[in-house]
Amino acid sequence: MSSGDGSTLPSAELPRLLDVLGAKGYRIIGPTVRDGAVVWETIRRMADLPIGWRDQQEPGRYRLERTDSRDIFGVVHGPQSVKPFTFAPREPLIRIERTSGGWSVHSHLQPAEPIALLGARPCDLAGLAIQDQIFLRGPYQDTAYAVRRKGLFLIVVNCTRALPTCFCRSMETGPRATRGFDLALTELDEVMLIEVGSEAGQAILAELPVAPASEALLAEASARIDACARSQIRSVERAKLPQVLYEVHDHPRWDEVGARCLACTNCTMVCPTCFCHTIDEAPDLTGQRTERTRLWDSCFTHEHGYIHGKNIRPTIKDRYRMWLTHKFAAWHDQFGTSGCVGCGRCLTWCPVGIDVTEEVAALLASDSRKQQKTVSQRHE
């Protein structure tokens, strides 16, 4: 950050932001503590936010603890990314009814409620950008997604604390947000540093009691974000991706991870970018009416691999290999980017603690050993 890149708002004045957003017609949704986790809920007052809470995350482990801190955004993230606000877990599509002349079709598409999402993280914005590419920029735009996306006002919080499961630095998706937000906050001692990312964000900022950020505050914010990046203990070496994953299809590592994986689908449910879905048809008992609904699905389910009378991924090993290879390899070919944003949720919420960074590293290491053996044989 440089001079002029931000404004400051005393943390005690943050309720003014809620007031302004509410006056503009937004429903404010932010992180709040419920049932031992931080989840998205409607925020009506500052006390709804997880002030003083911290999350402790490790592979297969998630805990919240109360602290003496007055940090508003001390919790990095919970199981939910921003994905449910644009790609709904359950999406009614159409209602079909029998009429005297045949059939009538009714769409369920409704105007989206304007939502201000307070407390998204940079990795979440990176995941949303990937979802935008899938649902908005392909040959067929998803209308329901587009409607929800248009009504979303995004207030991102830059990370000054990393979890042991975070690896966004290596994926170049954090811990600082660089685009895709309306407002970006960096929480410092008793003050919020605010950066504007859109005209809508500028309109909100204009109604807040802000002051220009000093060079000292800008430097402090950058230092804290940089320290957060350096503190990350996990990473993915991307230089050899995606090609190596295509070349290790028969590696024994797939058997090892397949034996551990429960195919519970947790990793795909918490992932900010996974977009598998299925269509459910629910006719009524009279046969006069049916409802068609889109539901989140997962490539880890047995049914997902069933195509034209045959299951093309009959074992858990097959499904895990497909998922990991798609995330870190085939996604590049399809969408020009990785399918992973380094949020680490799949590590935390995997019941057996499978670590994708460890799996990718093991596969890359095997390729390096193979190359060294080839070079050695050439010199013999």
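Listed values, structure above:
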| quantity | calculated |
| --- | --- |
| Extreme residue, farthest from the chain's Cα centre (by Cα), among residues of the stretch 61-78 that are loosely packed, with under 15 Cβ neighbours inside 10 Å and part of a loop (DSSP other than H, G, I, E, B) | ASP68 |
| Qualifying residue in the stretch 125-140 (condition: buried (at least 16 other Cβ atoms within 10 Å of the Cβ) and of a type in the set (Val, Ile, Thr)) | yes |
| Flag if LEU128 is touching a residue at least 12 places away in the same chain (Cβ under 8 Å), in a strand (DSSP E or B), within 30 Å of GLU172 (Cβ to Cβ) and within 19 Å of the chain's Cα centre (by Cα) | no |
| Enumeration of residues in the stretch 137-179 that are in contact with an Asp or Glu (Cβ under 8 Å, 6 or more places away or on another chain) and modelled with pLDDT under 95 | ALA144, GLY151 |
| Within the stretch 34-60, considering residues that are among the β-branched types (Val, Ile, Thr) and without any contact (Cβ under 8 Å) to a residue 40 or more places away in the chain, the one surrounded by the most Cβ atoms within 10 Å (Cβ to Cβ) | ILE51 |
| Odd one out for ARG98, checked against (1) part of a loop (DSSP other than H, G, I, E, B); (2) in contact with a Gly (Cβ under 8 Å, 6 or more places away or on another chain); (3) at pLDDT below 95 | (1) |
| Meets criteria (over 25 Å from CYS168 (Cβ atoms), outside any loop (DSSP other than H, G, I, E, B) and either in the same structural domain as GLY201 (by TED's automatic domain parsing) or in contact with a Lys or Arg (Cβ under 8 Å, 6 or more places away or on another chain) (or both)) for PRO31 | no |
| Filter result for CYS274 (in a loop (DSSP other than H, G, I, E, B) and either within 23 Å of the chain's Cα centre (by Cα) or touching a residue at least 12 places away in the same chain (Cβ under 8 Å) (or both)) | yes |
| Flag for LYS317 being at pLDDT below 90, over 29 Å from ARG63 (Cα atoms) and in contact with an Asp or Glu (Cβ under 9 Å, 6 or more places away or on another chain) | no |
| Subset of the stretch 312-349 [touching a Gly at 6+ places or on another chain (Cβ under 6 Å) and closer than 26 Å to VAL82 by Cα] | TYR320, LYS327, TRP331, VAL341 |
| Residues satisfying the stated conditions in the stretch 280-331, i.e. under 26 Å from the mean Cα position of the chain (by Cα) and part of a strand (DSSP E or B) | ASP280, THR293, ARG294, LEU295, TRP296 |
| Hits in the stretch 277-302 (condition: touching a residue at least 24 places away in the same chain (Cβ under 8 Å), within 26 Å of TYR62 (Cα to Cα) and touching a Ser or Thr at 6+ places or on another chain (Cβ under 6 Å)) | SER298, PHE300 |
| Lone unmet requirement of (1) in a loop (DSSP other than H, G, I, E, B); (2) touching a residue at least 40 places away in the same chain (Cβ under 8 Å); (3) not basic (Lys, Arg) for LEU109 | (2) |
| Condition met for THR178 (assigned to a strand (DSSP E or B), over 14 Å from the mean Cα position of the chain (by Cα) and of a type in the set (Ser, Thr, Tyr)) | no |
| In the stretch 197-229, residue surrounded by the fewest Cβ atoms within 10 Å (Cβ to Cβ) [restricted to those that are touching a residue at least 60 places away in the same chain (Cβ under 8 Å) and under 21 Å from the mean Cα position of the chain (by Cα)] | ALA229 |
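The values are calculated or read from the model by the stated rules, or taken from the named source; none is laboratory data. Note that this is a predicted model, so its numbers are computed, not measured. With ideal geometry, Cβ positions are generated from the backbone for all residues, glycine too; neighbour counts draw on all protein chains shown.
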